[in-house]
Amino acid sequence: MSRFTSRLLTWYRDNKRDLPWRGHPDSYAVWISEIMLQQTRVETVIPYFEKWMKRFPTVEALADASEQDVLNLWEGLGYYSRARNLQKAAKIIVEQYNGKLPRNLDALRKLPGIGRYTAGAIASMAFGLDEPALDGNIRRVLARVFDVNVPADSPTGEKVLWGLAAKHLPNGEAGDYNQALMDLGATICLPKNPRCLICPVMKLCKARELGIQDQRPVVRPKKKTPHYVHAAAVIVRRIANSPHVLLAKRPSKGLLGGMWEFPNARVNGDPAKELTQAIQTATRLKVREKEALGTVEHAYSHFSVTVHPFRCQLVSMSENQNLKWVRVEKLEDYPMGRIDRQIARQLI
DNA sequence: TAAGCGTGGCT
DNA sequence: TAGCCAAGCTT
């Protein structure tokens, strides 16, 4: 075992974080937590994980649920294909693996939503297999300690970093090793202002020795995000003596796939002036503007948007399976993105 | 291969 | 403040 690994594991024994899924020895809990944690902070995940394990305690429970139930629980976590893939994988696990996650890297890797990192994490943490894992934290720690001077997200950088992760992996302790690297990255080897003075591997760290911690890992320049303006129609109607609004279901793939929203369309100029035509083109709904309801701003990963919701009167609509009248009191039952949820809350 | 995919906290 | 960033995967 290298000195790096030895110091890392010693530090981990005394400093590992107490996390809900670490109290669950079963592979199902490890799987769910790993998917939720993709690109998502631990503090954000914890309440979702607790709720999930109560609602879907087993692979079978998840496989039997409807996609809408799953998306509803996932609402607010983001990257919704993760939720849809979890359910697809659960069905495969029930049908092909007798309800148990396969204890083998290649079979795990083939399940929807499980890539190289997640397969390695499950294999090592849940099954004790000697497999490395490389996530954002581990990438940063290794890039600094071993001074990787090529972009970490380039093909060369990936190869070097996976190689380092494997090279220092201790036989029989891969689970602790992978989690130790992640905890170190999350609590000490921070992206900004790393706490080098209390780092267990400070004396072995090449970036620290050179004073270039803030230049590792090397990152490639990112593109600026464009900004868009949308107009949305809030169409209210009384049905059976209770107010309903018209919602549209988004396509199952792409942005906010399978989520519900207020009928909307992108506009180029004045949202009020373009509202009627834009909505009709996008949804085949004919509407008449009644009242502006303020604006909602949101920044996505690759663009930002300003939405102008308008209370509208419905003039006519053609048959469309993706449209549904929903009782205002029942809006919480329909999974929505952040913007539409905010508009929905204004109606209650 | 590089772009697409959410959200919220931090600086 | 506006951008950066976080336990990545899919196409």
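Any read-out appearing in this document is the output of simple, stated calculations on the displayed coordinates, not a laboratory observation. Keep in mind that what you see is a predicted model, and the values were worked out from it rather than measured. Heads up, the Cβs are rebuilt from the backbone with ideal geometry, glycines too, and the neighbour counts pull from every protein chain shown.
At a glance:
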quantity	calculated
Percent of beta bridges antiparallel (DSSP, chain A, rounded to nearest 5)	70
Förster-model FRET efficiency, 35 Å R0, residue A:54 and residue A:302, C-beta, rounded to 0.05	0.55
Cα-derived Rg over Rh, computed across the stretch A:118-226 with Rh taken as Kirkwood radius	0.99
Candidates A:334, A:177, A:300: whichever shows maximal mean-square fluctuation once chain A is modelled as a Gaussian network with Cα springs under 10 Å	A:300
Residues of type lysines that residue A:88 reaches as a straight line, Cα spacing below 18 Å, ignoring anything fewer than 8 places off in the same chain	A:100, A:110, A:253
Counting DSSP beta bridges with both ends in the stretch A:227-347, the antiparallel % (nearest 5)	70
For chain A, calculated [θ]222 nm from helices alone, where every DSSP H run of n ≥ 4 adds -39500 (n - 2.57)	-13000 deg cm²/dmol
Most fluctuating residue given options A:320, A:241, A:15, as computed from a GNM of chain A linking Cα atoms under 10 Å	A:241
Rounded Å value of the spacing that divides the Cα centres of the stretch A:195-233 and the stretch A:96-144	24
For the stretch A:3-21 versus the stretch A:282-333, the gap between their alpha-carbon centres in whole angstrom	50
Cα pair distances exceeding 24 angstrom across the stretch A:227-347, given as percent	19
Convex hull volume per residue for the stretch A:3-215, taking Cα atoms only, in Å³	118
Computed lengthening from residue A:239 to residue A:92, 0.36 nm per intervening residue step minus Cα-Cα distance	48.8 nm
